[in-house]
């Protein structure tokens, strides 16, 4: 614990803050002092109060009790004053921008360069180019924002916050859906700005990032500060213990449940410009890891497998039947299901009930003999998943949007499992879920495989793929760059990283 | 500690905000009862069977159009052409029987025209990617224009009895249009709430991308909705034209706005995926009630327009307020 709550040198102090929402207490008597020039990690399970605390610091909500000191002086923050007067800037997890304006305009929107009262495009683009070069981004500043990939948009928005005059920057899950080399880039930038005196608050579920980039770390649990430590003073296990209040053992490498029977045979998957002759077999009960970076071809591969992208000519062989995946509906009929990466946009019906979400792919299980939907059946059907996967929800009638990220993900997986898939393609299943849910979901995946479901686990998360997979394929530059068995002692993480970037591994 | 999901600021159960959700869910019924009571105050003879039957009778066209529009709205689309589809199909049927075509054939053609118009709209919107607003607006203008081409502005009237079975008959003392209205509502209510098809409709409207990945053919759902909307509109045209025994060139003109008002007041979300036909019935009856009150008070036609406009505005504002309250509460 630190005792610099009274240090006047602290650029930002929150003192005795309590926040209540309609009877729910989100924060209880929280006090925290940042040190100038530090990168301060803030961790806690979903619902621990991280976002609430950060929204108070960013001036978005006024605390019920307590106050904020900026450079020793008590301040009343509003979203505008926090940013412009007090130099506090927040990059939220879900970024917002002007989709039809150019990248450069988005970055400099608060202070566009003018000449004779008109927009000085030349100056604007020069400044943007310089900035992008600095961050090693091959971006044309004139590109409209909505033509960028999700990942690029995120990077641009982080740069936007960095280039302003902010002296305190709050990063909320900045690496969500970024890939390994981008994360490295981001860290380099953060450290660079940190050297120039910017103080960061860094919120993340990825604890390894906390250890890598943060100097100190504060744990929030159930709305209370559990403690603040120097990052070097504690290890991962201790940190997790502080977060969840119990010893959570991650899954150890699990025993393979793969059998010799081939369930899905993918041959010569190509047809887009990206993919080159991708072929692999998936066995019954196997967890096949597919490790892929941004641009490695995973989106194209999934698009081809499910007929959501450009329709290729490639045929799949699923349980002995050959078919061309022209549409998701056709794949589903062959028992091939997809858990998409973006659960909000592509997976869930957010304003529908939990049971309605779980039943949508398996409505036939919820009807009587005349084909009428029976609410009782639907409810019982959903309830079995809710109890099996310990989904935390007040009732089956709860709208999915009000569940935590981890529980939403469990609902999404339940929806797919309800349809009795033979093959489940999981695209980054633990993005944006907290550590407890991550462990739960990993257990779920293993359990499904042991029931004979074949799983293609597509992710860029090395820990996840090494822990779960029976075999790992590395997809780089649209080709299968290599195949690895995690049990082998002959490879290491560096080799894997190299392969992902499309390099070759020698001896 | 299994309670790590301590309710954060946005995780309150939707049903705990009891009084507000009541207003949210039942707003239209509160308005309806209010206007009925107001009606009762104005006139002591209002609550007669005849009067209430008239109210229902006058609501049949609007009622069926609201079903048609709701199908599109649930998918997050809209159809502005249903009023012209209604009038155009009715006109073609009328011209056919005037030319001594067999009534059964004419009735069949009326419905077919509706389905065909819907199919054209659907194909353009689903497969050519035309914006639904522009597509159906154009269709609306084209069909109304075609009516003038066919009649040169003359009203067609005087149909044979065989042609008028759905508009000017009654069964066990209940007028056929009212029976049909009830029948259509029951049918579509069951289809939407109790059949897999309905679930897929709502899913496709709530999140088309997720629905597509869940194996729902969203394009086909849209096509079906527009075709059904066209067919329903044409059938409504058959009913209203045979009840009046005439087709004017301005039949149902501008009615699409009443349709939207009723649907929105009844809780059908313009953004798709939300709302039920039960609420829409409330919206229809409320508008019918307002019309009765205005007639009763002998408000001039010009005044009627203004009041109706205000009611529609009220509906939209209430809907917006409702969403605002919902956001704040949740």
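Summary of computed values
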| quantity | calculated |
| --- | --- |
| Test: residue in region A:383-394 that is crowded, with 20+ Cβ neighbours inside 10 Å, touching a residue at least 12 places away in the same chain (Cβ under 8 Å) and more than 25 Å from the chain's Cα centre (by Cα) | no |
| Sole exception among (1) more than 30 Å from residue A:61 (Cα to Cα); (2) part of a helix (DSSP H, G or I) for residue B:272, by number | (2) |
| Residue match in region B:192-203 (condition: more than 18 Å from the chain's Cα centre (by Cα) and more than 14 Å from chain A (Cβ to nearest Cβ)) | no |
| Residues of region B:205-256 satisfying the condition of being within 14 Å of chain A (Cβ to nearest Cβ) and touching a strand residue (DSSP E or B) at 6+ places or on another chain (Cβ under 8 Å) | B:213 |
| Enumerated helices (runs of 4 or more DSSP H) restricted to region B:141-214, each holding at least 1 residues that are in contact (Cβ under 8 Å) with a residue 40 or more places away in the chain and out of contact with any helix residue (DSSP H, G or I) (no Cβ under 6 Å at 6 or more places or on another chain) | B:176-194, B:196-206 |
| The one condition in (1) assigned to a helix (DSSP H, G or I); (2) touching a residue at least 40 places away in the same chain (Cβ under 8 Å); (3) in contact with a helix residue (DSSP H, G or I) (Cβ under 9 Å, 6 or more places away or on another chain); (4) surrounded by fewer than 23 Cβ atoms within 10 Å (Cβ to Cβ) that residue B:76 fails to fulfil | (1) |
| Residue that is at positive phi, in contact (Cβ under 8 Å) with a residue 24 or more places away in the chain and within 14 Å of chain B (Cβ to nearest Cβ), where the choices are A:420, A:427, A:434 | A:420 |
| Test for residue A:290: is it in contact (Cβ under 8 Å) with a residue 40 or more places away in the chain, under 25 Å from residue A:382 (Cα atoms) and part of a strand (DSSP E or B) | no |
| Leading residue by the ranking (nearest to residue A:445 (Cα to Cα)) among those in region A:317-355 that are within 11 Å of chain B (Cβ to nearest Cβ) and in a strand (DSSP E or B) | A:339 |
| Breaking point among (1) at pLDDT below 90; (2) surrounded by 14 or more Cβ atoms within 10 Å (Cβ to Cβ); (3) away from every other protein chain (no Cβ under 14 Å), for residue B:98 | (1) |
| Conditions (1) within 21 Å of the chain's Cα centre (by Cα); (2) surrounded by 23 or more Cβ atoms within 10 Å (Cβ to Cβ): number failed by residue A:449 | (1) |
| Residue among A:284, A:298, A:313, A:294 that is at pLDDT 90 or above and away from chain B (no Cβ under 14 Å) | A:284 |
| Single unsatisfied condition, residue B:226 versus (1) under 16 Å from the mean Cα position of the chain (by Cα); (2) surrounded by fewer than 19 Cβ atoms within 10 Å (Cβ to Cβ) | (2) |
| Those residues of region A:356-366 which are in contact with a strand residue (DSSP E or B) (Cβ under 8 Å, 6 or more places away or on another chain) and more than 7 Å from chain B (Cβ to nearest Cβ), in sequence order | A:366 |
| Flag if residue A:149 is in the same structural domain as residue A:184 (by TED's automatic domain parsing) and either at positive phi or surrounded by fewer than 18 Cβ atoms within 10 Å (Cβ to Cβ) (or both) | yes |
| Residue check, residue A:186 out of contact with any strand residue (DSSP E or B) (no Cβ under 6 Å at 6 or more places or on another chain), assigned to a strand (DSSP E or B) and buried (at least 16 other Cβ atoms within 10 Å of the Cβ) | no |
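Conditions tested, residue by residue: (1) over 18 Å from residue A:91 (Cα atoms); (2) touching a helix residue (DSSP H, G or I) at 6+ places or on another chain (Cβ under 9 Å).
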position	(1), (2)
A:122	yes, no
A:130	yes, no
A:137	yes, yes
A:141	yes, yes
A:145	no, yes
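The values are calculated or read from the model by the stated rules, or taken from the named source; none is laboratory data. All values derive from a computational prediction rather than experimental measurement. Cβ atoms come from the backbone with ideal geometry, glycine included; neighbour counts cover every protein chain shown.
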